[in-house]
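J.: Take this structure, written in structure tokens, and hold onto it; I'll ask about it next.
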Amino acid sequence: MTKSDLILKITEKNKYLLLKDVQKVIDTFFGKISESLENGNRIELRGFGAFGVKNRAARIARNPRTGEPVPVQSKNIPFFK
């Protein structure tokens, strides 16, 4: 489901809500989740799941076309559980 599908589904189930208001709420909701994950925080939605951040260590990968080793830097990866 895409973000626009979610907005339309919420608007269809709640006829009294305007599309632009639902869009603003969804944008704010996902914006706050992104902001919290950037700060390294964990977000838990009871009965649904939890968003968090894992650190993926630096490693040496291989270019699939040439087989040449390629260094990959460490990075933080968002995950949902």
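The values are calculated or read from the model by the stated rules, or taken from the named source; none is laboratory data. Since this is a predicted model, take the numbers as computed values, not measurements. Methodologically, a virtual Cβ is constructed for each residue, glycine included, from the backbone with ideal geometry; neighbour enumeration extends over all protein chains shown. Side chains included, ligands, DNA and RNA excluded: accessible areas come from the protein's heavy atoms. Shrake-Rupley method; radii C 1.70, N 1.55, O 1.52, S 1.80 Å.
J.: Which ones in region 41-73 are among the hydrophobic types (A, V, I, L, M, F, W, C), within 26 Å of residue 31 (Cβ to Cβ) and in contact with a strand residue (DSSP E or B) (Cβ under 9 Å, 6 or more places away or on another chain)?
T.: Listed by number, the residues that qualify are 43, 45, 50, 51, 53.
J.: Next up: Restricting attention to region 8-32, which residues are of a type outside the set (Asp, Glu), within 26 Å of residue 42 (Cβ to Cβ) and touching a helix residue (DSSP H, G or I) at 6+ places or on another chain (Cβ under 9 Å)?
T.: Within region 8-32, 10, 25, 26, 30 meet the criteria.
J.: Oh, and also: Residue 40 - would you say it is out of contact with any Gly (no Cβ under 8 Å at 6 or more places or on another chain), open to solvent by 50 Å² or more (accessible area, probe 1.4 Å) and on the phi > 0 side of the Ramachandran plot?
T.: yes
J.: Collect the residues in region 10-37 that are among the hydroxyl-bearing types (Ser, Thr, Tyr), within 19 Å of residue 78 (Cβ to Cβ) and either touching a strand residue (DSSP E or B) at 6+ places or on another chain (Cβ under 9 Å) or open to solvent by less than 60 Å² (accessible area, probe 1.4 Å) (or both), keeping them in residue-number order.
T.: Result: 34, 36.
J.: Under 7 Å between Cβ atoms, which residue pairs at least 6 apart in sequence (or on different chains) link something in region 50-72 that is farther than 30 Å from residue 32 by Cα with a partner that is hydroxyl-bearing (Ser, Thr, Tyr) and surrounded by 10 or more Cβ atoms within 10 Å (Cβ to Cβ)?
T.: none
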